[in-house]
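Here the structure is laid out as structure tokens; the discussion comes afterwards.
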Amino acid sequence: MDQAYVERRDGGYWIWETRISLDSIVYAFRRGASPESIKGSFPVLTLEQVYGAITFYLSKQSEIDEYLRDSEEAYEAARRANHDQLRREKPELYERLMRAKDERRTTPR
């Protein structure tokens with residue numbers, strides 16, 4: 001059986017013919033989640049697809065890890081740019097949001 005479990009699409013890796021990113025599976029796997037647990041988080045997937053995605057990741061680990069690092073760096077750069085833009089264009093709103101964020105961090109749960 002020659003089954004494809006992962007496809008490259010729209011600049012990313014996706015579980016074949018789904019809207020679930022390989023990133024989601026890999027991050028759960030890295031956290032130590034079992035394939036059965038990962039499947040529970042993504043009920044649209046079969047256990048075979050989860051194992052296939054993990055196998056794909058392990059067979060191309062350095063390539064996928066580099067892709068994930070690049071994605072994380074791009075996300076962080078975009079986040080910083082959004083914060084900078086908000087700070088410049090709406091400084092009052094930015095300050096209120098930062099105060100609320102600080103309050104949330106210091107408030108015991």
Inset, instruction - May I ask you to say which residue of 88, 99, 105, 69 is basic (Lys, Arg), under 22 Å from residue 8 (Cα atoms) and open to solvent by 90 Å² or more (accessible area, probe 1.4 Å)? - result: 69
Inset, instruction - Being among the hydrophobic types (A, V, I, L, M, F, W, C) and under 14 Å from the mean Cα position of the chain (by Cα) is the filter here, so list the residues in region 1-37 that pass it. - result: 14, 15, 20, 22, 25, 26, 28, 29
Inset, instruction - Collect the residues in region 31-59 that are open to solvent by 80 Å² or more (accessible area, probe 1.4 Å) and charged (D, E, K, R), keeping them in residue-number order. - result: 31, 36, 48
Inset, instruction - Determine the pairs where a residue that is within 10 Å of residue 5 (Cα to Cα), located within region 41-54, has a partner that is part of a helix (DSSP H, G or I) and of a type in the set (Phe, Trp, Tyr) with Cβ atoms under 8 Å apart, the partner being 6 or more residues away or on another chain. - result: 54/29
Legend entry - All positions within region 15-30 that are open to solvent by less than 60 Å² (accessible area, probe 1.4 Å), among the hydrophobic types (A, V, I, L, M, F, W, C) and within 15 Å of residue 58 (Cα to Cα): 15, 22, 25, 26, 28
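The values are calculated or read from the model by the stated rules, or taken from the named source; none is laboratory data. Just so you know, these numbers come straight off a predicted model, no measurement behind them. Backbone-built Cβ (ideal geometry, glycine too); neighbour counts: all protein chains shown. Areas reflect the complete protein model, heavy atoms only, side chains present, ligands, DNA and RNA absent. Shrake-Rupley method; radii C 1.70, N 1.55, O 1.52, S 1.80 Å.
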